[in-house]
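Enquirer: Mind looking over this structure? Questions follow.
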Amino acid sequence: MTSESPLDAYSQIVAGVAAELTPRVVSLRVPHQSGRYRGEGLGSAVSYTPDGFLLTNAHVVGRAEQGTALFSDGTSAPFRVVGADPLSDLAVVRADGPTLNPAVLGEADDLVVGQLVVAVGSPLGLTGSVTAGVVSALGRSLPTSAGARASLVEDVIQTDAALNPGNSGGALADSRARIVGINTAVAGVGLGLAVPINATTRKIIGALMRDGQVRRAYLGIVSVPAPLPEGLRERFGRPSGLRVAEVVPGGPAARAGLRAGDLLISAGGKPVTRAQDLQKLMFSEAIGRPLAITVLRNGALVDVIAEPSELVAA
């Protein structure tokens, strides 16, 4: 009796994930028109409900309202775009026709660098393509935009699993075939990026399914992580806060009295140590409601009340 080699075990994990997810990842063909030119874009999507809802990238669907989904068994069905959010690069579409067993959404916040991940998608229109690698880095930022508005998708997953055009919108899964990210960009040779599946993106997905859009609150600051003074580190039990680098004139933060140089300690009664902590609060329920913010200013703790407004695409 011979024992399995590590490579055999690795292969079995990847093969198991592939067998589980390949039927749940589809290829999307999306019509595009630019002036007189009409073409077709390719991408991938992941089934995540039993009634035809598919998760993909906003840049895959673009401004299209419909397209065609191609399944791993060779069948196809029309789909309609339910909603797209360019600022998170996530979109929800719904396929008409036979439904797929949904994939299980996991939790990207539990990932660690070096962990095995498997990418399943349709690069170059080739359905059911599988690659594997590891989480190369966590906490990356991905620039996105909607019109004149720009944003950063925080805590993006970086992986060395090979990604190619058409992989966008496909699944990034852990060794248990749980979807931890939606592949969104090829960053360079040997580098790929994926939008994480976590509490923030789950709220975005829910809003797209319910309303077809994501309403966001707007505070009007630019901030960067910064260390807390030693005494406050012990008092608050954390090493950093967010330094206000810029306050937009006339915005909610400016009206509340926030200033460039302030060090944000908490917002809405919750600790603020990174940009995502603040972004988690900037959804529809925060629009027009008082938001208590504590900052460190000139060595003293200062409390202000801001009232976020609705972020309107320019």
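Enquirer: How would R24, R38, R259 line up from fewest to most surrounding beta-carbon atoms within 10 angstrom?
Expert: Starting with the residue having the fewest Cβ neighbours, the order is R38, R259, R24.
Enquirer: Separate question: Would you look at the GNM of the chain, springs on alpha carbons closer than 10 Å, and say which of L172, L301, L116 moves the most?
Expert: For the chain, modelled as a Gaussian network with Cα springs under 10 Å, the answer is L301.
Enquirer: On C-alpha positions alone, give me the angle between the axis of helix 6-21 and the longest principal axis of the chain, in degrees, nearest 10.
Expert: 90
Enquirer: Ok, one more. Using only the alpha-carbon atoms, how far is helix 199-211 inclined from the longest principal axis of the chain? Give it as 0 to 90 degrees, nearest 10.
Expert: Helix 199-211 and the main axis of the chain meet at about 70 degrees.
Enquirer: Which shape class, rounded, prolate or oblate, goes with the chain when its Cα gyration tensor gives a ≥ b ≥ c as root eigenvalues, a/c under 1.5 marks rounded, and past that a/b bigger than b/c marks prolate?
Expert: oblate
Enquirer: Continuing with this model, one more query. What shape does region 217-310 have by the C-alpha gyration tensor, where a ≥ b ≥ c are the square roots of the eigenvalues, rounded means a/c under 1.5, and otherwise prolate means a/b greater than b/c and oblate the rest? The partial results should precede the final answer.
Expert: Details: a/c = 1.87, a/b = 1.53, b/c = 1.22.
The shape class here is prolate.
Enquirer: Which of rounded, prolate, oblate describes region 28-94, given a ≥ b ≥ c as roots of the alpha-carbon gyration tensor eigenvalues and a/c under 1.5 marking rounded, otherwise prolate only if a/b is larger than b/c?
Expert: Oblate is the answer for region 28-94, as a/c is 1.5 or above yet b/c matches or exceeds a/b.
Enquirer: Between T99 and R176, what FRET efficiency follows from the Cβ-Cβ distance if R0 is 22 Å, with the result rounded to 0.05?
Expert: 0.45
We did not get these values from a lab; they are worked out from the coordinates using the rules stated. Remember, it's a predicted structure, so these values are computed and weren't measured experimentally. No Cβ is skipped: glycine too gets one built from the backbone with ideal geometry, and neighbour counts run over all protein chains shown.
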